[in-house]
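Worksheet: one structure, shown below.
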Amino acid sequence: MNRQTKEIIIKYIFLLFSLVSVVVLGLIVFSLFREGLPIFGKVSVKDFLFGMEWYPTYDPPSFGIFPLIVGSLVVTLLATLIAVPLGVMAAIYISEIAPQAIKETLKSVIELLAGLPSVVLGFFGMVIIAPWMQETFDLPTGLNIVNASVILAIMAIPTISSISEDALYAVPREFKEASYALGATKFETIINVILPAAISGISTAVMLGMARAIGETMVVLMVAGGAAAIPESLFDSVRPMPASIAAEMGETPYRSAHYSSLFAIGIVLFCLTLAFNLIADYVSHKFRQIGSGTL
Amino acid sequence: MQSSKNNSMKWRYLKQHVFFGIVRASALIITLTLGGIIFYIVYNGIGAISWDFITKPPTHSMTQGGIMPAILGTIYLTVGAIAIGLPLGIASAIYLTEYAKQGRVIRFLKVGINCLAGVPSVVFGLFGLGFFVIFLKFGSSILSGSLTLGFLILPTIIGASEEALKSVPQTFREASLSLGVSKWQTTYRIVLPNAMPGILTGSILGIGRAAGETAPIMFTAAAYFTAKLPGSIFDEVMALPYHIYVLATAGTNIEATRPIQFGTVLVLVAVVLGIDLIAIIIRSYMRRNKRW
């Protein structure tokens, strides 16, 4: 075998390996639909998505996941409201203000925070925050939306902060120098020049942080309380979609209607996070700052 | 006129002061959060740690004894995940940086990898259950769990490897190619050795993630309790993250086993953050001693 053929073969072997990611993505879709679609023989897509009652083990069972979707959205939104200001501010501090030594330490802190296993954070919320919250605010339970959102925010902060920091770091130096030359203060430069130039990267960061929060399982399983009803206050319990899957999969008979309804929730969750990721990808490519002409 | 100008300057700097204060406070809150969590876990968990706790199996329906089978299970699953994720990840990154031309193929692969990175861990668990456990009939086993975790960390490893490969200067490749060395030999002999430290440190972060994940192994590998240690890769195992979840939510006596729970959490955090910390330290050391 001569050198050229060998090189070509090697190239295609590597191509094959790099296709594995895409193949796995395909297999995920295949398995979800294979196990999840049978439920739609029993309930319509509309009744499944917008049904108000999730009683999968009753007789007759009822498979409406609307309360679960609402649960997921509520904790994700509240977590985003907490995580975005903290994450973006920390990114500004790291990339624009902090001295070198603090910068390095803070980056490591954020990396370690990202490394904390979700079950540990869930445990922390359950054993330490929940009893404290219950006593301090005199609530029926400390396992509620606020608690879950705070913990989810802790998980989303590293994603938001590190991607925002990359975006801020990528803003060309001439932009800042031009702003200083016009007599702007550092604060005015950050608000009027750097942030607008980095806004597409920061939006991407927020989208990815939200995707992380909506798909996170252990935290909402342990801390959100588990009530499958539309919440009336922020201190109510909810049962977000991942929590339902994780809590109920262990006790359903194989290939029962309940079993396939859990896979169908997986399909909904997969589509939601996929949408978030594709929007993030689109935003980061479409609105990327190229040169100074578009500012 | 002069005084109003001074006022406005003062006002502008006051705003800056307040803003910087808020920004510093945010950074401080994040640091204190991490510090607080670690402090609470160490403070409550250190009492449970002993040699027996780490080397003995649980006894009395998991209300006493140690966590050795769970530690062992986590090691098995993590090693399995690396065995799958690392070679595939490095090979994908080599194709993306060394072979693929900018264009549709690379864009297609990158979108695929990004989407895979965004798949929630519980969906990975469903995939593992539907595909490995049921479709391929591996059952709930070390094999199913390792495959699921391996594909979960694949995007992380690809990202880390890509970055490391890109940081090898183009001149290295050109020098090698100009000597008549083939593309593959250049990649294998010149590019990979120079990128290896970067690939490994980046991948260690992925390994830390695999060791700490719970949702993907819940339906694919983890057992509530096993009387014996696993004998083959087709056996179920106990694992640290799942053990914490079980003890904290479904144990025989949840309040009485709190010390054991905190002890297990401390062991898991020490393992995962220890792995991450090693990666961070090696990386900062490498950055300082970079030869090019």
Can you pull the one-decimal nm distance between simple spin-label points at B:F135 and B:E174, each 7 Å off the Cα toward Cβ?
4.7
Dipole magnitude of the protein assembly as shown, debye to nearest 20 (Cβ charges: Lys/Arg +1, Asp/Glu -1, about Cα centre):
2240
For labels at B:A250 and A:R255 in the simple 7 Å Cα→Cβ model, what's the distance in nm?
2.4
Can you figure out the FRET efficiency of A:E7 with B:F108, using R₀ = 30 Å and their beta-carbon distance, to the nearest 0.05?
0.85
Taking B:H243, A:H285 and counting other beta carbon atoms within 10 angstrom, the fewest-first order is A:H285, B:H243
GNM of chain A, Cα pairs under 10 angstrom: of A:G87, A:G71, A:G26, the biggest fluctuation goes to A:G26
Taking the alpha-carbon centre of each part, the distance from region A:76-148 to region B:151-212 in Å is 33
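Among A:F270, A:F33, A:F123, what is the fewest-to-most ranking by other Cβ atoms within 10 Å? Let's see the in-between values first.
On the way: A:F270 25, A:F33 16, A:F123 30.
Ordered from fewest to most neighbouring Cβ atoms within 10 Å, A:F270, A:F33, A:F123 come out as A:F33, A:F270, A:F123.
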Mean residue ellipticity at 222 nm from the helices of chain A, using -39,500 (n - 2.57) per DSSP H segment of n ≥ 4 over the full residue count, to the nearest 500 deg cm²/dmol?
-22000 deg cm²/dmol
Helix runs (DSSP H) in chain A reaching 24 Å along axis by Cα, Kyte-Doolittle at least -1.0
A:66-92, A:145-169, A:195-215, A:257-286
Amide H neighbours of A:W54 under 5 Å, counting only residues 5+ apart in sequence or on other chains, H built in-plane at 1.01 Å?
A:G64
Simple spin-label estimate for A:I191 and B:Q64 in nanometres, 7 Å along Cα-Cβ:
6.5
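Quick one: how many lysine pairs does region B:53-288 have with C-alpha atoms less than 27 Å apart and a gap of 8 or more or different chains? Give me the count, please.
Lysine pair count for region B:53-288: 8.
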Nearest 0.05, what FRET efficiency do B:R24 and A:S233 give at R0 = 45 Å with Cβ-Cβ as r?
0.85
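Just so you know, all these numbers are worked out from the coordinates, no wet-lab data involved. Values in this document were obtained by computation on a predicted structure and should not be read as measured data. No Cβ is skipped: glycine too gets one built from the backbone with ideal geometry, and neighbour counts run over all protein chains shown.
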